[in-house]
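Colleague: This is the structure I want to talk about, given as structure tokens.
The values are calculated or read from the model by the stated rules, or taken from the named source; none is laboratory data. Keep in mind the model is a prediction, meaning the values are calculated, not measured. Neighbour counts run over all protein chains shown; Cβ positions are idealised from the backbone, glycine included. Side chains included, ligands, DNA and RNA excluded: accessible areas come from the protein's heavy atoms. Shrake-Rupley method; radii C 1.70, N 1.55, O 1.52, S 1.80 Å.
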Amino acid sequence: MLPIICFALLLWNTLAGREAQRPGSSVSFKKIVIDAEFRSEGVTVADINRDGRPDILAGNLWYEGPNWKPHVIAPLQKFDPATGYSNCFLNFAKDVNGDGWLDQVVFGFPGAKAFWRENPKGQPGFWKERPVFPSAANENPAYADLLGTGKPVLVFQHNDRSMAWYEPAEDLEKDFRAYLISDPQNGPQIPGHGLGVGDINRDGRNDVIIPRGYWLAPEDRRQGRWEFIPANLGPDCASMYVYDVNADGLMDVLSSSAHGIGVWWFEQRRGANGPEFVQHVIDDTWSQSHALELADINGDGVKDIITGKRFWAHGPTGDVQPDAPCVLYWYELQRKEGGVRWVRHLIDADSGVGLHFTVTDVNGDGRLDIVTSNKKGVFYFEQRR
């Protein structure tokens, strides 16, 4: 009798384990409010104090994990969600000075200066501010592995016609060194919305993408000419990602509407005169998906997309559906014979996103979590199975 019971228990545990790993349906998230105040519209996760545990960095504060104790790194300001903006639209963690401590790179209102704050290595006091560049014109500058070295660099336009990538100068008190990607005299008009980095032609080098097309990366990214390939990659958008959605060997593009309605993927096809892109709607039922991330949420080996509504991007009367629920979704990519299917999963209906958020394993359990920051506060969504 005992062997039969043991076998039954083993079978039950096996089936239960399979159910727990079933894509989509078994994924849920626990919402943790890190800060109920409007601090920033960009957030990142990094080990700020080098204790081996992830922390959260948002605007003028960092929150020490795992209990999320706040630490002030610049004078706190009160931001009015209805009438104003924060001083931080996006922020990234980067060891700018090479001392082994992660610093903060901050982008404020589009067109304003970009700057970085030096990590004081555990010492008290405000972080010292140094320049990145006098003007960052994009609404969503990129921090990505453009050079293929495993070390991300900054990519953004510094006026209406000049796209460039940047690395620190030898003198840390000076602006970052800019390497032009676009031809400022004859290049395309660059929109303020829509920017991505990815290997769109699969030559092993990451290219730079905007809604009007893309620049192909030369072998020498510092001195080579970046050829621009015109393409219709939709209306102005937020972050753009390159991914082979339908597994046909051709790289596609994913994007979402910053201030309108729409989440899309653009299928690359071989045309008579070169690559062509066909637009497919993923979702057109809600507005202002001003930030987008690409990651394998359910661990099935296929990347999914995560996005949400930016709350009051232009206040309570601006844009489309400003007072609709501030949803946060992940869209499960299912590849079916003859096509693909996107399954929408609601994570939360009262938080949304800002201009930049982070998807990473915060608690070290092997599952991807989500950290967001916007006019509703700073939030950590811990994935559960």
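Colleague: Set Lys and Arg Cβ to +1 and Asp and Glu Cβ to -1, take the dipole of the chain about its Cα centre, and tell me which of Q279, G366, G42 lies farthest positive.
Modeller: G366
Colleague: Amide H of Y243: which non-local residues (sequence gap of 5 or more, or other chain) have their own amide H closer than 5 Å, using H built in the peptide plane?
Modeller: It is D252, V253, L254, by chain and number.
Colleague: Keeping every protein chain present and rolling a 1.4 Å probe, give me the accessible area per residue for the chain in Å².
Modeller: 44
Colleague: List the GluC sites (Glu not before Pro) in the range 74-172 that DSSP assigns to loop (not H, G, I, E or B) and whose Cβ has at most 16 other Cβ atoms within 10 Å. Which are they?
Modeller: Loop-located and lightly packed - E170.
Colleague: Within the range 56-162, report the trypsin sites (Lys or Arg not before Pro) that DSSP leaves as loop and that have at most 16 other Cβ atoms within 10 Å.
Modeller: Hits after loop and neighbour filter: K78, K113, K121, R161.
Colleague: With r defined as the distance between the Cβ atoms of R270 and K78 and R0 fixed at 56 Å, what FRET efficiency is calculated, to the nearest 0.05?
Modeller: According to the calculation, E is roughly 0.55.
Colleague: Below 14 Å, Cα to Cα, which aspartates and glutamates can K375 reach? Residues fewer than 8 away in the same chain don't count.
Modeller: Straight-distance partners of K375: D35, E37, E41, D80, D323, D350.
Colleague: So, one more: May I ask you to derive the relative contact order of the chain, considering only C-alpha pairs under 8 Å and at least 6 residues apart, and to give it as an integer percent?
Modeller: About 15 percent, as a whole number.
Colleague: Scan the range 327-385 for GluC sites (Glu not before Pro) in coil per DSSP, keeping those whose Cβ has at most 16 other Cβ atoms within 10 Å, and list them by number.
Modeller: Hits after loop and neighbour filter: E337.
Colleague: Another question, then. Taking K and R as +1 and D and E as -1, what net charge do the other residues with C-beta under 11 Å from the C-beta of T360 add up to?
Modeller: -2
Colleague: Taking the Cα centre of the chain as the origin, how large is its charge dipole in debye, to the nearest 20, when only Lys and Arg (+1) and Asp and Glu (-1) carry charge on their Cβ atoms?
Modeller: 420
Colleague: Which Rg and Dmax, in Å, describe the Cα atoms of the range 105-218?
Modeller: Cα-based Rg and Dmax for the range 105-218 come out at 14.9, 49 Å.
Colleague: Can you tell me the equivalent ellipsoid semi-axes for the range 225-343? Use √(5λ) from the Cα gyration tensor, largest first, whole Å.
Modeller: That gives 26, 19, 12 Å for the three semi-axes.
Colleague: For R202 paired with Q321, estimate the spin-label separation in nm (one decimal), with each label point 7 Å from Cα along the Cα-to-Cβ line.
Modeller: Reported label-point gap for R202 and Q321 is 3.6 nm.
Colleague: With just the Cα atoms defining each centre, how far is the range 214-258 from the range 152-180? Give it in Å.
Modeller: 20
Colleague: Restricting things to alpha carbons, find the Rg to Rh ratio for the chain using the Kirkwood radius for Rh.
Modeller: Computed over Cα atoms, the ratio is 0.99.
Colleague: Which percent of the accessible area of the chain is formed by carbon and sulfur heavy atoms (probe 1.4 angstrom)?
Modeller: Using a 1.4 Å probe with all protein chains present, the chain comes out at 51 percent carbon and sulfur.
Colleague: Still on this structure, I have one more. Structure shown: which of K94/K303; K31/K113; K69/K303; K303/K336; K30/K309 lie over 22 Å apart, alpha-carbon to alpha-carbon?
Modeller: From the list (K94/K303; K31/K113; K69/K303; K303/K336; K30/K309), the Cα-Cα distance tops 22 Å for K94/K303; K31/K113; K69/K303.
Colleague: Which residue, G111, G198, G52, tops the fluctuation ranking in a GNM of the chain built on C-alpha contacts under 10 Å?
Modeller: Highest fluctuation of the listed residues: G52.
Colleague: Okay, next question. Need the C-alpha centroid separation for the range 263-331 versus the range 191-213, integer Å.
Modeller: Spelled out, the Cα-based centre of one part sits 16 Å from the other.
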